[in-house]
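The values are calculated or read from the model by the stated rules, or taken from the named source; none is laboratory data. Values in this document were obtained by computation on a predicted structure and should not be read as measured data. Reconstructed Cβ throughout: ideal geometry from the backbone, glycine too, with neighbour counts over all protein chains shown.
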Amino acid sequence: GAEDDTARPKHRVKSKGSDIPLPVEAFDTLLDRYKMAPRLLSNLRDNGYTHPTGVQAHGIPILLQRRDLAAISPTGTGKTLSYLLPIMSSLGAPISSQGDESGSGVRAVVLAPTRELAHQIHNECLKLAVGRKWRVVLFSKATASTLRDKGVRDKVDIIISTPLRLVASIQEGNLDLNNVRHLILDEADRLLDTEFVAQVQEVVAACTYPDVQKAVFSATLPAGVEKLAMGMLRNPIRIVVGLKDT
Ligand code: ADP
Ligand code: MG
């Protein structure tokens, strides 16, 4: 409502693409419009998240409609939740008429340029996962070796990793990403920089599920990097969040 608008930074959001879903003004709108699990929303509230930020208001519906997305939004505007919430909502629902597919292997991968960032994303994910049975793995040398066991691997729902570690396991034949439905590149400007781009492309190529949803998030996306990012996406929507009148 208008009464508490002053407490929040105002963002100007520009969207580009076809059939852009309506933004959500409040998290509760996700209950009716997208049948989001009440538990996910109560986990949000328990963490003090009362209102969606600009990138969340616009980005969450786009991802829930299984569209590809390029989201450019300044640091500190809540990009992490913009992709974690839709991923966890989608994974919680039965994917096909066969019913819930948990147990059929990794279904979401989040790539981040540094271990530190992957760690932060993992923490954010665990907060949302309270009370649900998702298995979220922060990929490391140690987890990579436990995942050599296919029985263990098949029970993992979400992997958060730097590109290098993931590529090593793919190349060793110890990780299959062929059932991944959601692939997120966080801090895409760094992931698509020369240092990482070949590894990122290898991960993208390993995600062979035909309808894999891809999204890139970044505070900035220089023209060359943006071209590379857009080339990876299918019929994407692009949103740009800017601080209003600052
Ligand atoms: P970004 O990735 O855009 O830099 P983060 O996802 O790291 O931003 O979020 C920045 C901070 O804002 C984190 O501490 C996060 O917990 C908090 N945050 C995210 N979304 C909300 C929200 N809707 N309401 C309140 N705090 C939020
Ligand atoms: Mg971030």
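Remarks
- Checked against (1) over 15 Å from Ala112 (Cα atoms); (2) within 16 Å of ligand 2 (Cβ to nearest atom), Leu191 meets all criteria but (1).
Yes/no per residue for (1) within 16 Å of ligand 1 (Cβ to nearest atom); (2) modelled with pLDDT under 95; (3) of a type in the set (S, T, N, Q); (4) part of a loop (DSSP other than H, G, I, E, B):
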{"residue": "Gly59", "(1), (2), (3), (4)": "yes, no, no, no"}
{"residue": "Arg66", "(1), (2), (3), (4)": "no, no, no, yes"}
{"residue": "Pro74", "(1), (2), (3), (4)": "yes, no, no, yes"}
{"residue": "Thr80", "(1), (2), (3), (4)": "yes, no, yes, no"}
{"residue": "Pro86", "(1), (2), (3), (4)": "yes, no, no, no"}
{"residue": "Val106", "(1), (2), (3), (4)": "no, yes, no, yes"}
{"residue": "Ala118", "(1), (2), (3), (4)": "yes, no, no, no"}
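- In the stretch 194-221, residue farthest from ligand 2 (Cβ to nearest atom) [restricted to those that are within 16 Å of Ala108 (Cβ to Cβ), surrounded by 14 or more Cβ atoms within 10 Å (Cβ to Cβ) and not aliphatic (A, V, I, L, M)]: Tyr209
- Of all residues in the stretch 115-143 being touching a residue at least 60 places away in the same chain (Cβ under 8 Å) and loosely packed, with under 14 Cβ neighbours inside 10 Å, the one that is farthest from the chain's Cα centre (by Cα): Gly131
- Among the residues making up the stretch 33-81, a single one is over 22 Å from Trp134 (Cα atoms), among the basic types (Lys, Arg) and either out of contact with any helix residue (DSSP H, G or I) (no Cβ under 8 Å at 6 or more places or on another chain) or within 15 Å of ligand 2 (Cβ to nearest atom) (or both): Arg67.
- Scanning the stretch 150-165 for residues that are more than 30 Å from Asp193 (Cβ to Cβ) and β-branched (Val, Ile, Thr) yields a single hit, Val152.
- Of all residues in the stretch 144-185 being under 22 Å from Gly92 (Cβ atoms) and charged (D, E, K, R), the one that is surrounded by the fewest Cβ atoms within 10 Å (Cβ to Cβ): Asp154
- The stretch 209-234: number of residues that are away from ligand 1 (no atom under 16 Å from the Cβ) and either of a type in the set (Phe, Trp, Tyr) or over 22 Å from Ser89 (Cα atoms) (or both): 12
- Residue pairs meeting the criteria (Cβ under 9 Å; at least 6 apart or on separate chains; first in a strand (DSSP E or B), in the stretch 155-183; second of a type in the set (Phe, Trp, Tyr) and at pLDDT 90 or above): Ile159/Phe139; Ile160/Phe139; Ser161/Phe139; His182/Tyr83
- Residues that are part of a loop (DSSP other than H, G, I, E, B), at pLDDT below 95 and away from ligand 2 (no atom under 16 Å from the Cβ) occur in the stretch 222-229; there is at least one.
- Only one of the listed residues (Asp149, Asp157) is away from ligand 2 (no atom under 16 Å from the Cβ), farther than 24 Å from Asp68 by Cα and among the acidic types (Asp, Glu). That residue is Asp149.
- With respect to the stated conditions, Leu147 fails to be modelled with pLDDT of 90 or more and either away from ligand 1 (no atom under 16 Å from the Cβ) or within 21 Å of Met230 (Cα to Cα) (or both).
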